[in-house]
Amino acid sequence: MRTFKADFHVHTVLSPCASLDMAPVKIIEKAVAEKIDILAITDHNSTLHCKLMCKLGKEAGIKVLPGVEITTKEEVHCLAFFETVETANIFQQIIEKHKPDIPNRKEIFGYQPVVDRDENILYEVDWLLISALSLNLGEAAEIVSMMNGIFVPAHIDRPSNSLLANLGFIPDNLKIDAVEISKSIDFNALLMKTPEIARYTVIRGSDAHCIEDIGSGFTMLYIENDDFDEIKMAFAAEAGRKVMALKK
Amino acid sequence: MNIAEIADRLNFEIVCGSTGKNNMVTWGYTSDMLSNVMGNASEGNLWITMQSHKNILAVALLKELSGIVLVNGHRPDTETVTQAEKEGVVILATDLPAFETAGRLYQLLKENEDIQS
């Protein structure tokens, strides 16, 4: 077994708040430069770029996890990762069933383009991807778990759109595989303030919205290879696999 | 005033946890961020929110709130209803948005205060 460097929280140009330079090819190039082994693609409420990102990752020798950052009914942001693009696409159908009727106004929120590898815009998503779904947190966690995915409340230390801010504390019996903390937060200080997070696997992602930020927050995994099952085992700390403790 | 009187006067529906309907309401507090309510609400407050997740019950118990009003036609999640019955946390519901709910509650509590003083 060896250590793998993972950035579990990266947006693409599809997210309205992401920079327009977050083109698929450029994201992979930066991930290679940052020596990232595992990269999760997590656009707001959308998996539409996962297929292309997985293909590009494969060509470059990077494991890309098809994923998403959903906004639950409680306006809590949560990351979900899936084993295959097909599973991510099924989850997208569930998202579509629970989406609100709020059109995107790109002059306010930004563009939501689906692009090809050459950065041609194929189409734009018309509903506002950052809006809250009608799925509640427990339901979302349950669905992802049933789909053999990984479910992680995002940036729980943040003052908004986070599990701790919006819901006060981590509810009992919630099916989560880890919690994510922001790239710049002092983990030990957070632990002092919120000791309950010691019960969970803790990861750090970059939440990159622009190219420079990719890899600026990362997590080291100790696993045999980059198979999804190995990553899952690391989250569960099974069979010697583990998520390495965060340094700071 | 207690929860039952307020529900009657403002036409709020008592959805669950009706064992708490005699709780006295000291004042109101409005917020959808549970962390904020944990920090700022006071004992006896009637809490106005659109959050229907079961964590609202723990917050209500922790802060000894008199009850919760869900606004905008929001209903408590299934789990929330079950647990509210068990814990005796009274949850009211109204189709009014938070602004109008708070406005009417404020007015009613103020009037009541004046009558009593």
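What to note about this one:
- Residue in the range B:64-76 that is basic (Lys, Arg) and within 14 Å of chain A (Cβ to nearest Cβ) present: yes
- Residue tally, condition touching a residue at least 40 places away in the same chain (Cβ under 8 Å) and either of a type in the set (A, V, I, L, M) or within 14 Å of another protein chain (Cβ to nearest Cβ) (or both), over the range A:140-154: 9
- Looking across B:Gly44, B:Gly88, one residue alone is among the small types (Gly, Ala, Ser), surrounded by fewer than 18 Cβ atoms within 10 Å (Cβ to Cβ) and more than 21 Å from A:Phe169 (Cα to Cα). It is B:Gly44.
- Of the candidates B:Glu64, B:Glu85, the single residue that is acidic (Asp, Glu) and within 12 Å of the chain's Cα centre (by Cα) is B:Glu64.
- Taking the numbered list (1) open to solvent by 30 Å² or more (accessible area, probe 1.4 Å); (2) under 24 Å from A:Glu74 (Cα atoms) in turn, B:Tyr106 passes all entries but (2).
- For the range A:17-35, the condition of being open to solvent by 10 Å² or more (accessible area, probe 1.4 Å), closer than 20 Å to A:Asn104 by Cα, within 14 Å of chain B (Cβ to nearest Cβ) and in contact with a helix residue (DSSP H, G or I) (Cβ under 8 Å, 6 or more places away or on another chain) holds for none of the residues.
- Output for the range B:37-58, where each listed residue is in contact with a Gly (Cβ under 9 Å, 6 or more places away or on another chain), polar (S, T, N, Q) and facing chain A (nearest Cβ under 8 Å): B:Asn55
- Of the set (1) touching an Asp or Glu at 6+ places or on another chain (Cβ under 7 Å); (2) within 13 Å of another protein chain (Cβ to nearest Cβ); (3) crowded, with 16+ Cβ neighbours inside 10 Å, all apply to B:Leu61 but (3).
- Members of the range A:39-56 found to be over 15 Å from A:Val13 (Cα atoms) and buried (at least 24 other Cβ atoms within 10 Å of the Cβ), listed by number: A:Leu39
- When residues of the range B:22-37 are limited to those that are in a strand (DSSP E or B) and more than 17 Å from B:Leu57 (Cβ to Cβ), the one most open to solvent (accessible area, probe 1.4 Å): B:Met24
- Failed criterion for B:Thr82 (all others in (1) touching a Ser or Thr at 6+ places or on another chain (Cβ under 8 Å); (2) over 24 Å from A:Asn161 (Cα atoms) hold): (1)
- Among strands (runs of 3 or more DSSP E) entirely within the range A:125-218, having at least 3 residues that are at pLDDT 95 or above and not acidic (Asp, Glu) singles out A:150-153, A:202-204.
This table checks each residue for (1) basic (Lys, Arg); (2) open to solvent by less than 10 Å² (accessible area, probe 1.4 Å); (3) touching a helix residue (DSSP H, G or I) at 6+ places or on another chain (Cβ under 7 Å).
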site: A:Lys63; (1), (2), (3): yes, no, yes
site: A:Thr71; (1), (2), (3): no, yes, no
site: A:Phe81; (1), (2), (3): no, yes, no
site: A:Thr87; (1), (2), (3): no, no, no
site: A:Asp101; (1), (2), (3): no, no, no
site: A:Ile121; (1), (2), (3): no, no, no
site: A:Leu129; (1), (2), (3): no, yes, no
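- Restricting attention to the range A:18-42, the residues being farther than 17 Å from A:Phe218 by Cα and in contact with a Leu (Cβ under 9 Å, 6 or more places away or on another chain) number 3.
The values are calculated or read from the model by the stated rules, or taken from the named source; none is laboratory data. This one's a predicted model, so the numbers in the text were calculated from it and none came from an experiment. All Cβ positions, glycine included, derive from the backbone under ideal geometry; neighbour counts span all protein chains shown. Ligands, DNA and RNA are excluded from the accessible area calculation, which covers all protein heavy atoms including side chains. Shrake-Rupley method; radii C 1.70, N 1.55, O 1.52, S 1.80 Å.
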